[in-house]
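The values are calculated or read from the model by the stated rules, or taken from the named source; none is laboratory data. Note that the structure is predicted; figures quoted are calculated from it, not measured. Glycine gets a Cβ as well: all are built from the backbone with ideal geometry, and neighbour counts include every protein chain shown. Only protein heavy atoms, including side chains, enter the accessible area calculation; ligands, DNA and RNA are left aside. Shrake-Rupley method; radii C 1.70, N 1.55, O 1.52, S 1.80 Å.
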Amino acid sequence: SENANLSTTFSTDQIALVPNPGNDLSYIVQTAPGAVMNTQAGYGGSATYGLPATSNLFTVNGMNENDPFLNLNNSGATNLLLGQNDVNEATVVNNGYSGQYGGLAGANVNYVTKAGSNSFHGNANYWWNGRAMNANNYFNNQSGTPRPFDNANQWAASIGGPIKKDKLFYFGTFQGTRIRTAPEGQIAFVPTAAERTGDFSDLCPGG
């Protein structure tokens, strides 16, 4: 009748309002007890009770969403698990010793997606982060280098409702990300015309 699982559940409002750089849903793990940001070598974003970050199991609506090779959350080109606006509830179980958990010993993170209902509902969100919102780093300040240009735009919208009351529903959501950064100058050495023909005598003058 009882278990020792340490479980933290996040509601729709908490998911939307908790500060979350980049809206990466795997970031939610770090707000649960016993979890810290992974600052060691290796893969994964969050370590739980000293276990490596590759010991976390991510599920969406009860189905595994882990990469089969690295034990990381599956992610797309933007390295996000899901669009934040697509999730209705998230639960982080830090020590899943009960019978329904297995496979990995770290945190069990389950996301429950939003769905349609008998009432029409929807939302629209926009997030912006840029140079004006961030401090310069220590090394730039030491060398007198100004803050680099950075402009991150993210937006999301969703709508859901009934098709047939109590029987059939629909829900759709979209999230976009557009990031602009200024190119950083680097010194690059390219072969001279003579070197491209196989003459490398200029590398050892007088030799």
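Please find, among Arg131, Arg147, the residue that is under 28 Å from Ala16 (Cα atoms), modelled with pLDDT of 85 or more, open to solvent by 60 Å² or more (accessible area, probe 1.4 Å) and charged (D, E, K, R). Let's see the steps before the verdict.
On the way: Arg147 fails: under 28 Å from Ala16 (Cα atoms).
The conditions single out Arg131.
What is the number of the single condition among (1) under 27 Å from Gly116 (Cα atoms); (2) at pLDDT 75 or above that Gly76 does not meet?
Here Gly76 meets the rest and fails (2).
Could you look through region 30-51, keep only residues that are open to solvent by less than 70 Å² (accessible area, probe 1.4 Å) and farther than 24 Å from Val18 by Cα, and pick out the one that is farthest from the chain's Cα centre (by Cα)?
Leu51
Pro191: farther than 30 Å from Phe10 by Cα and open to solvent by 80 Å² or more (accessible area, probe 1.4 Å), yes or no?
Criteria not met by Pro191.
How many residues does region 189-207 contain that are modelled with pLDDT under 80 and more than 30 Å from Asp150 (Cβ to Cβ)? Don't jump to the end; show me each part of the working.
Of region 189-207, the ones modelled with pLDDT under 80 are 189, 202-207.
Among the residues that remain, those that are also more than 30 Å from Asp150 (Cβ to Cβ) are: 202-207.
Within region 189-207, residues that are modelled with pLDDT under 80 and more than 30 Å from Asp150 (Cβ to Cβ) number 6.
Within region 154-166, can you find the residues that are touching a Phe, Trp or Tyr at 6+ places or on another chain (Cβ under 6 Å) and open to solvent by less than 70 Å² (accessible area, probe 1.4 Å)?
Gln154, Ala157, Gly160, Gly161, Pro162
Could you identify the single residue in Asn56, Asn23 that is open to solvent by less than 40 Å² (accessible area, probe 1.4 Å), over 24 Å from Thr173 (Cβ atoms), at pLDDT 75 or above and in contact with a helix residue (DSSP H, G or I) (Cβ under 7 Å, 6 or more places away or on another chain)?
Values: Asn23 fails: over 24 Å from Thr173 (Cβ atoms).
Step by step, each of Asn56, Asn23 is checked, and only Asn56 is open to solvent by less than 40 Å² (accessible area, probe 1.4 Å), over 24 Å from Thr173 (Cβ atoms), at pLDDT 75 or above and in contact with a helix residue (DSSP H, G or I) (Cβ under 7 Å, 6 or more places away or on another chain).
Would you confirm, using the coordinates I've provided, whether Gln84 is farther than 30 Å from Leu6 by Cα, in contact (Cβ under 8 Å) with a residue 24 or more places away in the chain and open to solvent by less than 60 Å² (accessible area, probe 1.4 Å)? Break it down into steps so the answer makes sense when it comes.
Working: farther than 30 Å from Leu6 by Cα: no; in contact (Cβ under 8 Å) with a residue 24 or more places away in the chain: yes; open to solvent by less than 60 Å² (accessible area, probe 1.4 Å): yes.
So Gln84 fails the test.
Counting just the residues of region 167-188 that are at pLDDT below 90 and part of a loop (DSSP other than H, G, I, E, B), which one comes out surrounded by the most Cβ atoms within 10 Å (Cβ to Cβ)?
Looking at residues that are at pLDDT below 90 and part of a loop (DSSP other than H, G, I, E, B), I get Ala182.
Within region 134-143, work out how many residues are surrounded by 10 or more Cβ atoms within 10 Å (Cβ to Cβ) and over 18 Å from Ile179 (Cα atoms).
Matching residues across region 134-143 total 4.
I'm told Ile163 meets every condition in (1) assigned to a loop (DSSP other than H, G, I, E, B); (2) over 30 Å from Thr8 (Cα atoms); (3) at pLDDT 90 or above except one. Can you identify the failing condition by its number?
(1)
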